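I have a structure I would like to understand better, so I am pasting it below and will then ask my questions one at a time.
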Amino acid sequence: MTVTDPMLRYEYMPSDFDPMFLILGDAADLASLASMLRGFAEQPATISLIDEAPQFRPRTPLIIAPGTSEFGLRRTEQGFVWHLNAWQAENIAARITALASPHARSGSEIFEIGSEGEIPVKISRGEFTDDFLVSKR
């Protein structure tokens, strides 16, 4: 894969001090992600971003799953799971919609639920090149 058209891209960014899960996209990508989260808020069910955004194959798969006792992004043996309840998903979707607005050329939001041990999720628009996180696979 070389330089590509904008697409939703995501990867885990390990760090000894501030690890995070980075999600990048253009306005349309982020609007689609917000729509997915709104659908999840209405009917909580497991969502695989690999299935929803198949044009990008991450090294670290991301699942959005209903949270009941554990919330926030967690690393599992299969990849990463972002445990959210309906209220959290709806509020995150609203903030992503603001990033996707035609009035916003770039920006980012960091999402943390406040659950001990969770990994922050940074969602960014226009702060990285279109080929960032894309490599030959």
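When the residues of region 39-50 are narrowed to those that are among the β-branched types (Val, Ile, Thr) and touching a strand residue (DSSP E or B) at 6+ places or on another chain (Cβ under 6 Å), which ends up surrounded by the most Cβ atoms within 10 Å (Cβ to Cβ)?
Taking region 39-50 and keeping what is among the β-branched types (Val, Ile, Thr), we get 46-47, 50.
Within this subset, residues satisfying the condition of being touching a strand residue (DSSP E or B) at 6+ places or on another chain (Cβ under 6 Å) are 46-47.
On the way: 46: 11, 47: 19.
Of everything passing the filter in region 39-50, 47 is surrounded by the most Cβ atoms within 10 Å (Cβ to Cβ).
Now a separate question. Just the residues that are surrounded by 15 or more Cβ atoms within 10 Å (Cβ to Cβ) and farther than 21 Å from residue 13 by Cβ, please, taken from region 54-64. Quick ask: steps written out before the conclusion?
Quick first cut of region 54-64, residues surrounded by 15 or more Cβ atoms within 10 Å (Cβ to Cβ) only: 56, 58, 61-64.
Once the filter is applied, which keeps residues that are surrounded by 15 or more Cβ atoms within 10 Å (Cβ to Cβ) and farther than 21 Å from residue 13 by Cβ, region 54-64 yields nothing.
Testing residue 68 on (1) modelled with pLDDT of 90 or more; (2) over 16 Å from the mean Cα position of the chain (by Cα); (3) within 21 Å of residue 44 (Cβ to Cβ), one condition comes back false. Which one is that?
For residue 68, the failing item is (1).
Right, next: Please give the helices (runs of 4 or more DSSP H) falling wholly within region 1-111 in which 3 or more residues are more than 18 Å from residue 125 (Cα to Cα) and touching a residue at least 12 places away in the same chain (Cβ under 8 Å). Break it down into steps so the answer makes sense when it comes.
Values: elements: 27-42, 49-52, 86-100.
It comes to 27-42, 86-100.
Within region 112-121, does at least one residue satisfy the condition of being at positive phi, surrounded by 14 or more Cβ atoms within 10 Å (Cβ to Cβ) and modelled with pLDDT of 90 or more? Even if it seems obvious, please write down each step before you answer.
Step one: list which residues in region 112-121 are at positive phi, which gives 114, 117.
After this cut, where a residue has to be surrounded by 14 or more Cβ atoms within 10 Å (Cβ to Cβ) as well, the list is none.
There is no residue in region 112-121 that is at positive phi, surrounded by 14 or more Cβ atoms within 10 Å (Cβ to Cβ) and modelled with pLDDT of 90 or more.
Still on this model: Just one of the numbered conditions (1) within 16 Å of residue 13 (Cβ to Cβ); (2) within 14 Å of the chain's Cα centre (by Cα); (3) surrounded by 16 or more Cβ atoms within 10 Å (Cβ to Cβ); (4) modelled with pLDDT under 90 is not true of residue 134; which one?
Every condition holds for residue 134 apart from (2).
Matching residues to (1) touching a strand residue (DSSP E or B) at 6+ places or on another chain (Cβ under 6 Å); (2) surrounded by 17 or more Cβ atoms within 10 Å (Cβ to Cβ); (3) acidic (Asp, Glu):
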position: 17; (1), (2), (3): no, no, no
position: 23; (1), (2), (3): yes, yes, no
position: 37; (1), (2), (3): no, yes, no
position: 52; (1), (2), (3): no, no, yes
position: 68; (1), (2), (3): no, no, no
position: 78; (1), (2), (3): no, no, no
position: 81; (1), (2), (3): yes, yes, no
position: 87; (1), (2), (3): no, no, no
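Among (1) surrounded by fewer than 15 Cβ atoms within 10 Å (Cβ to Cβ); (2) in contact with a helix residue (DSSP H, G or I) (Cβ under 9 Å, 6 or more places away or on another chain); (3) closer than 21 Å to residue 113 by Cβ, there is one condition residue 28 misses while meeting the rest; what is its number?
Looking at each condition in turn, residue 28 falls short on (3).
The values are calculated or read from the model by the stated rules, or taken from the named source; none is laboratory data. None of the values given here were measured: they were computed from a predicted structure. Quick reminder, even Gly has a Cβ in these numbers, built from the backbone with ideal geometry, and neighbours come from all protein chains shown.
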